[in-house]
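As structure tokens, the structure follows; a few thoughts come after it.
The values are calculated or read from the model by the stated rules, or taken from the named source; none is laboratory data. Source: prediction; values computed, not measured. With ideal geometry, Cβ positions are generated from the backbone for all residues, glycine too; neighbour counts draw on all protein chains shown. For accessibility, only protein heavy atoms count, side chains too; no ligands or nucleic acids. Shrake-Rupley method; radii C 1.70, N 1.55, O 1.52, S 1.80 Å.
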Amino acid sequence: KLFSSMGGAWWMEMTGGWFHHEDIMDMIGHLHDVGQGLYEKDPVITPAEVAFVADEDSYFWSTEQFNIRQARLTHALNVQQRAINRAGLKYDFYYLDDVLADEMDDYRVYVFLNQYYVTDEVRRFIDTHLKKDGKAIVWQYAPGYVTPEKWSLGSMEALTDIKIGTDSGHVAATFATVSDLGLSGKQAQTVEMLLAGIEGKTVGLGLGPATQRFYVDDPDAIPLAYYNDDGRVAAAVKFMDGYTSIYMGHPSGFTPDWLANTARVFDVHTYMEPTGEMFMHHRDDFIVIHGVEGGRRTLRFPYKAKVTDLLNDRVLMQEGSEVVIHVEPAETLWLHVQRLEH
């Protein structure tokens, strides 16, 4: 993740003995040498097609703050990374202020992770810049519920174009089954793609905070998931004039497959199938994969490339757009990607 996301790192020895092993020091030396080679290159970073957006102001409008175990913000921003980084996607992550300042309206899919607080400025930007051109906007939990004046379900509906209710039920939910929805035509095809491989499966990665619950109460929205305790609609999609609105009521309801499905519906390339392993791809020439489940994975590129395993000094693909790899649990791969056509 260090070079993939252009972050920083350091080696820290706290006890005077953690790294006292030749194999460990050899690996650290090898990582240093490979990393230095990457550092010396001027990376090309092509914008992704899906953007995840976090709102710093919404921190101040939740009674459960980030460091509380069952906090909704912990689920929306921290827990969700477990799904985001295992979906096989090249994505960009922004704070809302930066999206507004630079008028970032070129993405195909926008995922608002914690847009609980909404101002007129935010609403105008979303209405004017994002609700058009066939884009998808994915909302999570309580988008727009807090305004400068009050808590408002009407504000949520105006922001998402989906009518939403609230109660004190539990957020545990299950994805819908397409055959039970009675759909036809293009809408049926879209919902089938959104639910491909996850029908009847648990929403999220098994963690559900104790919190106020929101549900879909809109006859024009197509259910995608239902709450387990009473069958209310937990997630839904609504096809609007010019864009698509997708709502997830669970504060951390995404799964890797759900995110990959959503990306494919809106023509965003997915790089790794099946999903499940940690996948980080920011700079164009570098991919990090870390084994979580482990197993056979297929990497697919939207162009021809040469792919090299940097840590093991081996070429995985000399020229092509698809390569099969095997990842062991807890194994980390650093892959250099050389694009061969433009």
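Summarising the label geometry, the points placed 7 Å from Cα in the beta-carbon direction at residue 309 and residue 101 lie 4.2 nm from one another. For residue 317, the residues whose amide H sits under 5 Å from its own are 307, ignoring neighbours fewer than 5 places away on the same chain, with H placed 1.01 Å from N. Using a probe radius of 1.4 angstrom, the carbon and sulfur fraction of the accessible surface of the chain is 50%. Using C-alpha pairs under 8 Å with a sequence gap of at least 6, the mean separation divided by the residue count of segment 231-319 gives a relative contact order of 15 percent.
Cβ-Cβ distance of residue 183 and residue 267, R₀ of 22 Å, FRET efficiency by 1/(1 + (r/R0)^6): the value works out to about 0.60.
Remark: segment 256-261, residue by residue, has Karplus-estimated 3J(HN,Hα) of x, 5, 4, 5, 5, 4 Hz, where x stands for each Gly or Pro and the curve is 6.51 cos²θ - 1.76 cosθ + 1.60 at θ = phi - 60°.
Remark: the residue 34-residue 210 segment gains 58.9 nm on full extension, using 0.36 nm per residue and subtracting the alpha carbon distance. From the helices alone, meaning DSSP H stretches of at least four residues, give me the mean residue ellipticity at 222 nm for the chain, per-run term -39500 (n - 2.57), in deg cm²/dmol to the nearest 500. Rounded to the nearest 500, it is -5000 deg cm²/dmol.
The stretch between residue 322 and residue 20 holds 104.7 nm of extra length on full extension. This uses 0.36 nm per residue minus the Cα-Cα distance. Across q = 0.18, 0.24 Å⁻¹, segment 205-309 modelled as identical point scatterers on its alpha-carbon atoms has Debye log10 I(q)/I(0) values of -1.01, -1.33, in the order of the q list.
Mind listing the long-range amide H neighbours of residue 255? Cut-off is under 5 Å, sequence gap 5 or more, other chains count too, H placed in the peptide plane at 1.01 Å from N. Answer set, sorted by chain and number: 204.
Computed from backbone phi, the HN-Hα couplings of segment 133-138 come to 6, x, 5, 10, 10, 9 Hz, rounded to whole numbers (Karplus: 6.51 cos²θ - 1.76 cosθ + 1.60, θ = phi - 60°; Gly and Pro given as x). First check a/c for segment 29-175, with a ≥ b ≥ c the square roots of the eigenvalues of its C-alpha gyration tensor; if it is under 1.5, answer rounded, and if not, answer prolate when a/b is larger than b/c or oblate otherwise. It is prolate, given that a/c is not under 1.5 and a/b is the larger ratio. The 3J(HN,Hα) values that the Karplus relation (6.51, -1.76, 1.60; θ = phi - 60°) gives for segment 220-228 are, in residue order, 8, 9, 8, x, 10, 7, 10, 5, 5 Hz. Gly and Pro appear as x.
Simple rule: put +1 on each Lys or Arg Cβ and -1 on each Asp or Glu Cβ in the chain, find the dipole, and look at 193, 88, 46; the Cα lying farthest toward the positive end is 193. Taking every alpha-carbon pair under 8 Å whose residues sit at least 6 apart, the chain reaches a relative contact order of 19 percent.
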